[in-house]
Amino acid sequence: KKFGSYWFETGTPTYLVELLKLHHYPIEELEHIVTSQPVLDSIDTASTDPIPVIYQSGYLTIKGYNKMFENYTLGFPNREVEQGFFKFLLPNYASVSVSKSPYQIQCFVEEVMAGKVNDFFERLKTMFADIPYELARDREVHYQNILYIIFKLMGFYVQVEYHTSRGRIDLVLQTQDYVYIMEFKLNGSADEALAQIREKGYAAPFAKDSRTVYKIGVNF
């Protein structure tokens with residue numbers, strides 16, 4: 001007689017994770033899927049699209065339908081499935097064990113809430129430390145996926161605004177006392193990322209905010 005994540009716990013979607021990794025699928029696109037009936041019905045061994053499998057497994061459901069174009073909008077059915085799915089993804093993408101994954105997210109949230117920027121990034125570094133070079137090389141999407149999963153899980157506890165490839169700012173994290181504006185580069189420099197934040201005025205919306213604003217440039 002207790003509420004729990006019973007549906008998610010009945011099976012582990014290991015096959016789905018391997019499918020996402022195999023095709024280097026951008027994880028953030030799971031929340032912006034518009035597709036057609038033939039795609040949802042198409043599952044075969046040659047398919048490079050993991051969406052039909054994830055949909056037919058029940059991790060995504062139909063959220064809307066466009067009658068004119070006969071397109072379906074997909075999304076997670078509820079918070080239980082969404083949070084459980086991202087919790088399952090993290091140790092499969094980053095250098096963190098299954099048992100320590102929830103604790104790592106707790107530490108991330110606590111560090112962000114307390115304004116401990118250096119501690120936050122030292123922890124983030126450890127999650128990238130053991131990624132095989134062959135996997136990470138020229139695979140910007142792998143870095144983006146790890147970041148997205150971490151910040152998505154943090155978003156269940158702090159306010160997160162996603163502006164990744166569909167907008168201008170890579171990431172905005174907001175707490176009661178702090179605003180973090182982050183820009184990411186791959187094989188560039190942190191200075192370039194920071195310069196972009198300044199030149200494009202990413203911090204302007206928070207100019208009159210009473211909270212402490214951090215402008216952070218990150219390079220991988």
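For the chain, the tally of Lys pairs with Cα-Cα distances below 19 Å comes to 16, considering only residues 8 or more apart or on different chains.
Please report the net charge: other residues with Cβ closer than 10 Å to the Cβ of Glu82, K and R +1, D and E -1.
+1
Peptides 86-95, 209-218 ranked from most to least packed give 86-95, 209-218, packing being the mean of other C-beta atoms within 10 angstrom over each peptide's residues. Axis angle, to the nearest 10 degrees, between helix 190-199 and the longest C-alpha principal axis of the chain: 80 degrees.
The listed peptides 20-30, 116-126, 178-188, ordered by packing as a protection proxy, come out as 178-188, 20-30, 116-126 (highest mean of other Cβ atoms within 10 Å first).
Add +1 for every Lys or Arg and -1 for every Asp or Glu among the other residues with Cβ under 11 Å from the Cβ of Pro50, and state the total. Net local charge, Pro50 excluded: -2. Histogrammed with a bin width of 10 Å, the alpha carbon distances of the chain distribute as 7, 30, 34, 22, 7, 0 percent, first bin at zero.
Beta bridges assigned by DSSP with both partners in the chain are antiparallel in approximately 70 percent of cases. Around Glu192, under 9 Å between beta carbons, what's the net of Lys plus Arg minus Asp minus Glu among the other residues? In short, -1. Summary of the geometry: the range 168-201 and the range 27-88, compared by the centres of their Cα atoms, lie 30 Å apart. The convex hull built on the alpha-carbon positions of the range 94-219 has an orientation-averaged projected area of 7.7 nm².
Compute the Cα gyration tensor for the range 27-86, then decide on rounded, prolate or oblate, letting a ≥ b ≥ c be the square roots of its eigenvalues: rounded whenever a/c is under 1.5, prolate when a/b is larger than b/c in the other cases, and oblate in all that remain. Here the range 27-86 falls in the oblate category.
Against the chain, whose longest principal axis is taken from its Cα atoms, helix 101-114 shows a tilt of about 30°.
The numbers here are math on the coordinates, done by the rules we state, and not lab data. Keep in mind the model is a prediction, meaning the values are calculated, not measured. Virtual Cβ from ideal backbone geometry, glycine too; neighbours counted across all protein chains shown.
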